[in-house]
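**Student:** Could you have a look at this structure, given as structure tokens, before my questions?
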Amino acid sequence: MDERRLDELAPDIDDAVMPAHVIYRQVDHRPAGFSPIWIRLLRDELGFDGVIFSDDLSMAGASVAGGIVERCTAAWEAGCDLLLVCNSPDAVGELLANWQPSLDPARAKRVEHLSLSAPPLDWTCLQQDANYLDGVAAATRLLA
């Protein structure tokens, strides 16, 4: 269990964050990605105005919220902007057939902000891009 104080959890936030299926009992009894309390803390107290991705809702850690439709509903109602279902193709079919989220222009605007403003680099250019090379070097150090 994480015992850090709330003021120690303020991340160096970029354009998007992903709350994990972790419970911080000092804040809420629900996993962070299903917690409106956590989402409000991110938005209001920490001033985060980027996209909040759910963690993979097909993971066992998300099962506390029920089946795939209930998991997506819980994450959406908590305030996640984009919902991930990565490892359960059957669940995606069930979700598409049975879930009708409410439209939210503020969420749509945050997600639109993530859109590319320029075309993506081709593979040759990417392999020469300084940001890409820095990322590869950082990943290599982590794996060493």
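The values are calculated or read from the model by the stated rules, or taken from the named source; none is laboratory data. Nothing here was measured: the structure is a model prediction, and the numbers come from that model. For neighbour counting, all protein chains shown are included, and Cβ atoms are generated from backbone atoms with ideal geometry for every residue, glycine included.
**Student:** Can you say whether V111 is at pLDDT 95 or above and surrounded by 10 or more Cβ atoms within 10 Å (Cβ to Cβ), as far as the supplied structure shows?
**Tutor:** No, not satisfied.
**Student:** To continue, here is another question. Filter segment 1-43 down to residues that are modelled with pLDDT under 90, charged (D, E, K, R) and either surrounded by 10 or more Cβ atoms within 10 Å (Cβ to Cβ) or part of a loop (DSSP other than H, G, I, E, B) (or both), then give me how many there are.
**Tutor:** Residues flagged as modelled with pLDDT under 90, charged (D, E, K, R) and either surrounded by 10 or more Cβ atoms within 10 Å (Cβ to Cβ) or part of a loop (DSSP other than H, G, I, E, B) (or both) within segment 1-43 amount to 7.
**Student:** Right, something else. Could you count how many residues in segment 43-66 are charged (D, E, K, R) and either over 18 Å from L84 (Cβ atoms) or free of Cβ contacts under 8 Å to residues at least 12 places away in the same chain (or both)? Outline the logic, then answer.
**Tutor:** First pass over segment 43-66, keeping only residues charged (D, E, K, R): 43-45, 49, 55-56.
Narrowing the set further to residues that are either over 18 Å from L84 (Cβ atoms) or free of Cβ contacts under 8 Å to residues at least 12 places away in the same chain (or both) leaves 43-45, 49.
Matching residues across segment 43-66 total 4.
**Student:** Let me ask something additional. If a residue has to be assigned to a helix (DSSP H, G or I) and loosely packed, with under 11 Cβ neighbours inside 10 Å to count, how many in segment 121-135 make the cut? Even if it seems obvious, please write down each step before you answer.
**Tutor:** From segment 121-135, those assigned to a helix (DSSP H, G or I) are 123-126, 130-135; that's our starting set.
Of the ones still in play, those that are also loosely packed, with under 11 Cβ neighbours inside 10 Å are 123-125, 130-131, 134.
Residues in segment 121-135 being assigned to a helix (DSSP H, G or I) and loosely packed, with under 11 Cβ neighbours inside 10 Å: 6 in total.
**Student:** Return a yes/no flag: does segment 94-114 have any residue that is under 26 Å from I37 (Cβ atoms) and touching a Leu at 6+ places or on another chain (Cβ under 7 Å).
**Tutor:** yes
**Student:** Shifting gears a bit: For A118, indicate whether it is outside any loop (DSSP other than H, G, I, E, B), under 25 Å from the mean Cα position of the chain (by Cα) and not acidic (D, E).
**Tutor:** Details: outside any loop (DSSP other than H, G, I, E, B): no; under 25 Å from the mean Cα position of the chain (by Cα): yes; not acidic (D, E): yes.
Against the criterion (outside any loop (DSSP other than H, G, I, E, B), under 25 Å from the mean Cα position of the chain (by Cα) and not acidic (D, E)), A118 does not qualify.
**Student:** Further, regarding this structure: Is it the case that I68 is among the β-branched types (V, I, T), surrounded by 13 or more Cβ atoms within 10 Å (Cβ to Cβ) and out of contact with any helix residue (DSSP H, G or I) (no Cβ under 8 Å at 6 or more places or on another chain)? Before you say what the answer is, go through the steps one by one.
**Tutor:** Working: among the β-branched types (V, I, T): yes; surrounded by 13 or more Cβ atoms within 10 Å (Cβ to Cβ): yes; out of contact with any helix residue (DSSP H, G or I) (no Cβ under 8 Å at 6 or more places or on another chain): no.
Judged against the criteria, I68 is not a match.
For every residue, the table says whether it meets (1) closer than 16 Å to I23 by Cα; (2) touching a strand residue (DSSP E or B) at 6+ places or on another chain (Cβ under 7 Å); (3) surrounded by fewer than 19 Cβ atoms within 10 Å (Cβ to Cβ).
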{"position": "L46", "(1), (2), (3)": "no, no, yes"}
{"position": "I52", "(1), (2), (3)": "no, yes, no"}
{"position": "V64", "(1), (2), (3)": "yes, no, yes"}
{"position": "L82", "(1), (2), (3)": "no, yes, yes"}
{"position": "P89", "(1), (2), (3)": "no, no, yes"}
{"position": "G93", "(1), (2), (3)": "no, no, yes"}
{"position": "L96", "(1), (2), (3)": "no, no, yes"}
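**Student:** Shifting gears a bit: Count, please, the residues in segment 34-60 that happen to be in contact with a helix residue (DSSP H, G or I) (Cβ under 9 Å, 6 or more places away or on another chain) and under 16 Å from A91 (Cβ atoms).
**Tutor:** Residues flagged as in contact with a helix residue (DSSP H, G or I) (Cβ under 9 Å, 6 or more places away or on another chain) and under 16 Å from A91 (Cβ atoms) within segment 34-60 amount to 5.
**Student:** Considering segment 38-61 alone, what residues qualify as being within 23 Å of W99 (Cα to Cα) and over 13 Å from the mean Cα position of the chain (by Cα)?
**Tutor:** Within segment 38-61, the first condition is being within 23 Å of W99 (Cα to Cα), and the residues that meet it are 39, 51-61.
Hits for segment 38-61 are S58, M59, A60, G61.
Yes or no, residue by residue, for (1) closer than 16 Å to V111 by Cβ; (2) at pLDDT 95 or above:
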site	(1), (2)
E45	no, no
F48	yes, no
G66	no, yes
R71	no, yes
W76	yes, yes
G79	yes, yes
P89	no, no
